[in-house]
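Inspection log for the structure reproduced underneath, given as structure tokens.
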Amino acid sequence: MTSTRFPVIDSLRTLALALMITYHLIYDLDQWTGLAVDVDALFWFSIGKTAALLFIFLSGLSSGFSKHPLKNGLRVLFFGMIITLVTYVVFPEQYVRFGILHFLGVMMVLYPLIQKLPNGVLILGSVLIIAGGLIIKDQAVNTPLLLPLGFMYPGFATMDFYPLFPYSGVTLLGVLCYRYFFAEHSRTNASVPPAEKSKAAYPMVTWVSRHSLWIYLIHQPILLGLIFALKAIAIIS
């Protein structure tokens, strides 16, 4: 990433993390305790989906600042495969096959191609991809090979699923947002000393935003550890 920081981007990414952690806490309490919580309630569903859509949108937006999208994408894909392996061992019947990290990694890898497309193509592509994804989400096929595109097979179950259709359409909207609102400003600020650029961001928000991937990776083990510790000492059932 460039040394330029935009407070609005850091703030939105921090908000996405806060919403995600809140949703996963409710999910864990629903799955692993006897507390009267319902993660499937509309409110909590909306919290979780808003967090995911923010991450996807901001990933597309932030790709415009990235100097090494291929390297970053492969790193995110690597962590996605780690999550696949861990969930396959712990939750074999609903392990993660193409979750949000897989999705984000693929889109980062594809960004060098996406950035060559004109704005009109991105706008049309976003509309068609989102519409197409809403159409095919209920279409079942007899192979798991099409899961990344959004086609599910009979009996498919997973803890996390973010296929290219419709969610890559949201990524394209993020790329468009970068081009329309941040690209010129980023080029204008290229000669500003890093020390002056950093003054624009709140230190804690900036720190959380910069370390969002690591926070994503460690927050669930921490939440589960706390829940099982509280169960062990009978604070919660």
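Things to note:
- Residues (in contact with a Pro (Cβ under 7 Å, 6 or more places away or on another chain) and within 18 Å of Glu93 (Cα to Cα)) located in region 149-159: Tyr153
Each row is one residue, and each column tells you yes or no for (1) open to solvent by 50 Å² or more (accessible area, probe 1.4 Å); (2) part of a helix (DSSP H, G or I).
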| position | (1), (2) |
| --- | --- |
| Ile21 | yes, yes |
| His24 | no, yes |
| Ala36 | yes, no |
| Val39 | no, no |
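- Just so you know, in region 213-237 the residues that are among the aliphatic types (A, V, I, L, M) and touching a Ser or Thr at 6+ places or on another chain (Cβ under 9 Å) include one that is surrounded by the fewest Cβ atoms within 10 Å (Cβ to Cβ), and it is Leu230.
- Matching entry among Ile123, Ile114, Ile47 (being over 20 Å from the mean Cα position of the chain (by Cα) and not charged (D, E, K, R)): Ile123
Residue-by-condition table, conditions (1) touching a helix residue (DSSP H, G or I) at 6+ places or on another chain (Cβ under 6 Å); (2) surrounded by fewer than 18 Cβ atoms within 10 Å (Cβ to Cβ); (3) under 25 Å from Leu173 (Cβ atoms):
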position: Lys67; (1), (2), (3): no, yes, yes
position: Asn72; (1), (2), (3): yes, no, yes
position: Ile82; (1), (2), (3): no, yes, no
position: Tyr88; (1), (2), (3): no, yes, no
position: Pro92; (1), (2), (3): no, yes, no
position: His102; (1), (2), (3): yes, no, yes
position: Gly105; (1), (2), (3): yes, no, yes
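- Residue in region 165-185 that is surrounded by the most Cβ atoms within 10 Å (Cβ to Cβ), counting only those that are under 19 Å from Gly73 (Cβ atoms) and in contact with a Phe, Trp or Tyr (Cβ under 7 Å, 6 or more places away or on another chain): Val170
- Pairs with Cβ under 8 Å, 6+ apart, first in region 149-175 and farther than 16 Å from Lys49 by Cβ, second open to solvent by 40 Å² or more (accessible area, probe 1.4 Å) and of a type in the set (Gly, Ala, Ser): Phe151/Ala140; Met152/Ala140; Tyr153/Ala140; Pro154/Ala140
- Taking the criterion of being in contact (Cβ under 8 Å) with a residue 12 or more places away in the chain, farther than 30 Å from Phe181 by Cβ and surrounded by 12 or more Cβ atoms within 10 Å (Cβ to Cβ), the residues of region 116-147 that qualify are Ile136, Lys137, Val141, Pro144, Leu147.
- One residue from Lys116, Lys71, Lys67 being at pLDDT below 95 and either part of a helix (DSSP H, G or I) or more than 29 Å from Gln220 (Cβ to Cβ) (or both): Lys67
The values are calculated or read from the model by the stated rules, or taken from the named source; none is laboratory data. This one's a predicted model, so the numbers in the text were calculated from it and none came from an experiment. Cβ: placed from backbone, ideal geometry, glycine included. Neighbour counts: every protein chain shown. Heavy atoms of the whole protein, side chains included, go into the accessibility calculation; ligands, DNA and RNA do not. Shrake-Rupley method; radii C 1.70, N 1.55, O 1.52, S 1.80 Å.
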